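Working notes for the structure below.
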Amino acid sequence: MSVLGEGFQSPSGRSRNRPHGNLAALRIAVILMFGVLAAQLFNMQIIQGGDYARRSRENHLTRKEILPPRGLILDRNGTPLVKNVGIYTATITPAFLPEDANARYALYLRLEQLLGVPALEIQSRVKEKEADGKGDIEFPIKEGLTKEQALALEELTADMTGVALTIQPGREYVGGDAFSHILGYIGKQTPEEYRELRTEGYSLNEPVGKAGVELTYQDVLRGEKGATAAEQDAQGHLLKALKSRDAVPGSNLRLAIDMELQTYIAEMLEASLPNPLTMNQKNATTAAAVVMSAKTGEVLALVSVPAYDNNIFAQVTQRGAEYEALATDNKTRPLTNKALSQALPGSTYKLITAAAALQEGNITPATSRDIPSRILEIKGENGVIYNLIDWRAHGSGIDLTQAIAWSSNIYMFMAVCGIPNGSLQPHKALGKDVDSSASIFAYYQRGFGMGQATGIDIPGEDIGRVPDPAWKARNYAGPDYTDNDRDWYYADTCFTAIGQQDVLATPIQIARMTAAVATGKLFTPHVAKDILDADGKVIKTIKPEWKSVPVDEANLAAVRRGMHESVLAGAGLKAQVSGMDIAGKTGTAEFGTQRPEGSYDQHAWFTGYYPYNDPEYVVTVYFDYGVGGDKAAPAAANIFSWMNQNLGK
């Protein structure tokens, strides 16, 4: 017996297991199957080949970019000031529209009825895209759809091939009007912006920051785009999803701004614009305030009045009249940040004047002057008698502390212009002659940050002006001026010393200067505190940056004593708050055309800090009309009081 078993037969013998009959049937089946396949292939390639080729050509591989959620902006306590929202947009891809002209125009008419965009305008734009070879590129026909329009369009898109509803990332600013100048807004790129930004990987439809911290921190807030790739048929229907890459949200930005403080100051300044009937002065129309850390340069409040609703820029179509009113208001210019806008600084500038005179040895803290009259007569180089005016007669023997406390003009004239006892004494000025005195004084002004950008992280700040002989020669060049117009005189230095005539400064510059007097450090102010990831983890902290001012601590301390006395019992008395030890300086700057009786319009200023012996916070207030001690000082007192009761509690 074979070891392989009974069923084994040698090759020469017949096997009962070989399927001879079934094999023939199998061969026939295989032949028939191949016949059917060949017929189908003939049908597909020969008979219907043109149709399949057309359909293949009409199928599109599409790639869509996914714009990332923009990073949020928070106040110092983590309160969101913005919210990400969707901007509804109706779009058309010409390649997916019906080929029949009548069917196309019927679709345009339906869109006109729904969106209010004329059918002829849609038709013209489609033809323009097709003529430019951009028929397969989606383009918007109307942005900023209402939610009702978006819902209606979404229901109809299934029957309108080539039309789609897209959602672009947008912003809703929830902090209120008080934050408009700080936050700014986002918007579409201009062609000029896109030419530059596309090299950095931006898409044309990617919104960008246009103002405020939205612009300054664009790269932080932007995030990273994602993308999807898919195959669509001629009607725009999805055939196959090929691949995708998720978008990465932008980082969050936490500000140093305190939302409640910012809101309080904005409301308080707005309410303070009108004057009491007893004041008999023009009502203020604009105002600004800065609250800054004296130790870090962090800005806790940066207020500009009037403000505006920065949501309007995403709703220009619906709110065109409001936007037009904002853009054409040439009286109050609400789109301009008043905290960063320059004006005559008035007597706040005497802090620099006193510091310069002390440092140069022109005066000491004990230097006293007799100022029995409001008028100081001096004889000019041409022999003409000129009157230098003070706002009051200060009496006999006032020293530096009293001169700062009561804001004496004549004392400051004598300190830097060299005019004791009414006779011009060049050797008593800051320098050996007129020009050198002006240059030395300009050095100290710049040392306290005047005439230059502060570096605050909000675009658009004015740099102010430090007038000196070179500036005057440039400014009065040309045939309309004489050599006398271009020459610099001691009187020019005198007027600069009291913040009048040609000198200009912004509220943020005055606040920065005040912090420098208080601490000896000229900080770079910043509204941003740190950058956070999506989980709230700190990625980067904005560190303080500062440089020393060119004045010794002993001399700064002498200036501070005058500021302290001003609030205790001087011109700044109305800035006093019970239980708070405040130092400050008022300012009243005359501007405009002199009236027949000799008066001018006036800007109102107050700048100060607290506590006096351990400076923590600086407060600077400005009104376009008013007297510093009557208008700005009480407003500053309100801010000091609110901070004492609420900040950090």
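The values are calculated or read from the model by the stated rules, or taken from the named source; none is laboratory data. Note that this is a predicted model, so its numbers are computed, not measured. Neighbour counts are summed over all protein chains in view; Cβ atoms, including those assigned to glycine, are modelled from backbone coordinates with ideal geometry. Ligands, DNA and RNA are stripped out before the accessible areas are found, and what is left, the full protein with its side chains, is counted by its heavy atoms. Shrake-Rupley method; radii C 1.70, N 1.55, O 1.52, S 1.80 Å.
Odds and ends about this structure:
- Selection count, the range 458-477, where residues are in contact (Cβ under 8 Å) with a residue 40 or more places away in the chain and in contact with a helix residue (DSSP H, G or I) (Cβ under 8 Å, 6 or more places away or on another chain): 7
- Residue among Leu300, Leu335 that alone is under 23 Å from Val174 (Cβ atoms), touching a residue at least 60 places away in the same chain (Cβ under 8 Å) and hydrophobic (A, V, I, L, M, F, W, C): Leu300
- Count of the range 204-226 residues which are assigned to a loop (DSSP other than H, G, I, E, B) and open to solvent by 10 Å² or more (accessible area, probe 1.4 Å): 8
- Looking across Leu376, Leu388, one residue alone is in the same structural domain as Asp552 (by TED's automatic domain parsing), under 44 Å from the mean Cα position of the chain (by Cα) and crowded, with 19+ Cβ neighbours inside 10 Å. It is Leu388.
- Criterion (within 18 Å of Ala158 (Cα to Cα) and modelled with pLDDT of 90 or more) met by exactly one of Leu81, Leu114, Leu120, Leu74: Leu114
- The strands (runs of 3 or more DSSP E) found entirely in the range 247-324 that carry 2 or more residues being within 21 Å of Gly209 (Cα to Cα) and not small (Gly, Ala, Ser) are 252-255, 299-305.
- If the condition is being modelled with pLDDT of 95 or more and either among the basic types (Lys, Arg) or open to solvent by 10 Å² or more (accessible area, probe 1.4 Å) (or both), then the range 638-649 contributes Asn638, Ser641, Trp642, Asn644, Gln645, Asn646.
- Qualifying residue in the range 613-622 (condition: open to solvent by 30 Å² or more (accessible area, probe 1.4 Å), closer than 20 Å to Val303 by Cα and in contact (Cβ under 8 Å) with a residue 60 or more places away in the chain): yes
- Residue in the range 550-561 that is touching a residue at least 60 places away in the same chain (Cβ under 8 Å), open to solvent by 10 Å² or more (accessible area, probe 1.4 Å) and within 30 Å of Pro459 (Cβ to Cβ) present: yes
- Among residues of the range 437-457 being free of Cβ contacts under 8 Å to residues at least 40 places away in the same chain and part of a loop (DSSP other than H, G, I, E, B), the one that is least open to solvent (accessible area, probe 1.4 Å) is Gly451.
- Only one of Ala477, Ala470, Ala491 that is hydrophobic (A, V, I, L, M, F, W, C), in a loop (DSSP other than H, G, I, E, B), open to solvent by 30 Å² or more (accessible area, probe 1.4 Å) and at negative phi: Ala477
- Out of Gln500, Gln509, sole residue that is in contact (Cβ under 8 Å) with a residue 24 or more places away in the chain and part of a helix (DSSP H, G or I): Gln509
- Residue under evaluation Val290, criteria (1) in the same structural domain as Ile463 (by TED's automatic domain parsing); (2) in contact with a Pro (Cβ under 7 Å, 6 or more places away or on another chain), criterion not met: (1)
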